[in-house]
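The values are calculated or read from the model by the stated rules, or taken from the named source; none is laboratory data. It should be emphasised that the depicted structure is a prediction, and the values quoted were computed from it without experimental measurement. Note that we place each Cβ from the backbone using ideal geometry, even for glycine, and neighbour counts take in every protein chain shown.
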């Protein structure tokens, strides 16, 4: 990042009026106020970076854990359905549908 160069106010006005002979009004920012705004923006940027990376990684971990549990549950359902170890009832039909959908790639 490039640094701002400090100049004396007289030099700034002299060069400005040399370039703008008609005396258009100029505006300046005080260095202390600009530094304060820059520091606030840097802090906000760091906070948002930390928040987004934590949220992202936490969500990824939760998704991996959930996927692992779903895979185990699917394995159990598939075993029970394929071996015909569940009684004929509505849960068996639902389990069979879930296994079929997952095998067809609708997961």
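Within the bounds of segment 23-34, is there any residue that is at pLDDT 80 or above and surrounded by 10 or more Cβ atoms within 10 Å (Cβ to Cβ)?
yes
Any residue at all in segment 80-89 that is modelled with pLDDT under 75, part of a helix (DSSP H, G or I) and out of contact with any strand residue (DSSP E or B) (no Cβ under 8 Å at 6 or more places or on another chain)?
Looking for residues that are modelled with pLDDT under 75, part of a helix (DSSP H, G or I) and out of contact with any strand residue (DSSP E or B) (no Cβ under 8 Å at 6 or more places or on another chain), one finds at least one in segment 80-89, hence yes.
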